[in-house]
Amino acid sequence: MSQRKYVNVKINNVEVKLQFDTASDITIISKANFKKLQLASIVPIQKTYDKSLLKDFYPALFDKQLGICNKTKAHLVVKANCQPVFRPKRVVAYAIQHLVEAELQRLQDLNVISPVNYSNWAAPIVVIKKPNGSIRLCADFSTGLNDALETYQYPLPLPEDIFAKLNNATVFSHIDLSEAFLQVEVDDSSKELFTINSHMGLFKYNRMVFGVKTFPAIFQQIMDQMLAGFNNTAAYIDDIFVSGKNQADHGANLREYSNTVSN
């Protein structure tokens with residue numbers, strides 16, 4: 001979870017108090033902080049790549065439809081001799097039941113979830129109200145599933161791993177995948193594990209979903225495999241960083257990335 005921190009920073013006799021939003025042990029210096037520290041004279045950052053050029057060649061990457069990964073499917077392993085855990089539904093306030101029902105229908109239309117009549121596993125849904133009045137549906141897999149899963153042994157990258165891949169670059173792009181986990185399907189043998197319990201009945205997830213303890217490592221492995229061999233490109237779960245020594249180099253790397261993920 002992102003946290004806001006304030007740090008006194010001094011570089012080349014310039015000392016200012018900066019605000020940082022940190023997440024997952026990686027801190028990125030914002031454009032505002034970059035200007036306060038007068039870093040442009042030390043690290044010349046060029047203008048960002050014109051994404052309209054990419055839109056012309058890869059329109060599918062910029063539409064508002066939920067994408068799907070066609071490279072692999074996620075698979076989970078339950079610990080030996082572990083018994084299924086079925087949790088009852090939680091009460092949803094009457095005032096927002098219609099919002100929950102609409103969201104469940106939207107997820108069905110996208111084939112993210114499918115209704116089921118029976119399941120050995122079930123986790124209750126959690127409704128999060130957004131500032132704009134809409135909701136986000138989550139599942140509380142800490143009620144049983146997460147304890148039952150075998151750990152997925154794949155490491156998340158350290159900050160120095162990412163910085164090493166972006167070394168000597170002056171032009172950067174940050175790509176934030178939309179609903180990243182939902183773009184990866186789970187295999188048929190794993191789907192029952194991701195059953196949710198709601199006032200509308202039981203639904204199983206057909207895609208990866210936040211809240212399952214092994215999914216960050218699985219997603220990281222997928223991204224690392226897709227980006228293997230790419231120049232000046234690194235990923236931290238669903239955040240991808242593409243860089244280059246100059247504008248032309250950055251553009252070539254960005255086009256190479258776009259061509260790979262669009263196929």
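The values are calculated or read from the model by the stated rules, or taken from the named source; none is laboratory data. No experiment lies behind these values; they were computed from the predicted model shown. A quick note on method: Cβ atoms are made from the backbone with ideal geometry, for glycine too, and the neighbour counts reach across all protein chains shown. Calculation scope for accessible area: heavy atoms of the full protein, side chains included, ligands and nucleic acids excluded. Shrake-Rupley method; radii C 1.70, N 1.55, O 1.52, S 1.80 Å.
In a shell of Cβ-Cβ distance under 11 Å around Asp238, excluding Asp238 itself, what net charge do Lys and Arg (+1) and Asp and Glu (-1) give?
On the way: positive: none; negative: Asp176, Glu179, Asp239.
Summing Lys and Arg as +1 and Asp and Glu as -1 gives -3.
Per-residue accessible area for Thr214 at 1.4 Å probe radius, Å² rounded to 10?
Thr214 exposes around 10 Å² with every protein chain in place.
Tell me, in nm to one decimal, what length is gained between Asp161 and His98 on full extension, where the rule is 0.36 nm per residue of separation less the Cα-Cα distance?
Extra length from Asp161 to His98 when fully extended: 18.1 nm.
For segment 63-125, state which chymotrypsin sites (Phe, Trp or Tyr not before Pro) are in a DSSP loop and have at most 13 other beta carbons lying within 10 Å of their beta carbon.
Filter output for segment 63-125: Tyr118.
With each pseudo-label sitting 7 Å past Cα toward Cβ, what's the Asn111-Phe230 distance in nm, one decimal?
2.5 nm
Please compute the contact order of segment 77-223 in relative form: average sequence separation of alpha-carbon pairs under 8 Å and at least six residues apart, divided by the residue count, as a percent.
Value for segment 77-223: 33 percent.
Which entries in the list Lys79/Lys204; Lys130/Lys165; Lys73/Lys245 go over 28 Å, if you measure between the two C-alpha atoms of each?
Lys130/Lys165; Lys73/Lys245
If I ignore ligands, DNA and RNA and count only protein heavy atoms, how much of Asp176 is accessible to a 1.4 Å probe, in Å² to the nearest 10?
About 100 Å², ignoring ligands and nucleic acids.
Can you sort Arg207, Arg87 by solvent-accessible area, 1.4 Å probe, largest first?
In descending accessible area the options line up as Arg87, Arg207.
What is the gain in length, in nm to one decimal, between Ile128 and Ser142 on full extension, counting 0.36 nm per residue of separation less the C-alpha to C-alpha distance?
Working: separation 14, 0.36 × 14 = 5.04 nm, distance 1.64 nm.
Between Ile128 and Ser142, full extension yields an extra 3.4 nm.
Size of the dipole of segment 173-250 about the Cα centre, Lys and Arg at +1 and Asp and Glu at -1 on the beta carbon, nothing else charged, in debye to 20?
Value, rounded to 20: 120 debye.
Ser178 label point, 7 Å along Cα→Cβ, cut-off 17 Å on backbone N: hits in segment 226-262?
Correct set: 238-240, 258, 261-262.
Ranked from the most accessible area to the least, with a 1.4 Å probe and all protein chains present, what is the order of Ser258, Ser189, Ser114? Kindly include the intermediate steps, with their values, before the conclusion.
On the way: Ser258 5, Ser189 85, Ser114 30 Å².
Output order, biggest surface exposure first: Ser189, Ser114, Ser258.
Just how much of His174 is accessible, in Å², when a 1.4 Å probe is used and the result is rounded to the nearest 10?
About 110 Å², ignoring ligands and nucleic acids.
Cβ under 13 Å from Ile135's Cβ, Ile135 left aside: what net charge do those residues give with Lys, Arg +1 and Asp, Glu -1?
+2
Provide the packing ranking of 146-156, 196-206, i.e. peptides ordered by the mean count of other C-beta atoms within 10 Å per residue, highest first.
Put in order of decreasing packing, that is 196-206, 146-156.
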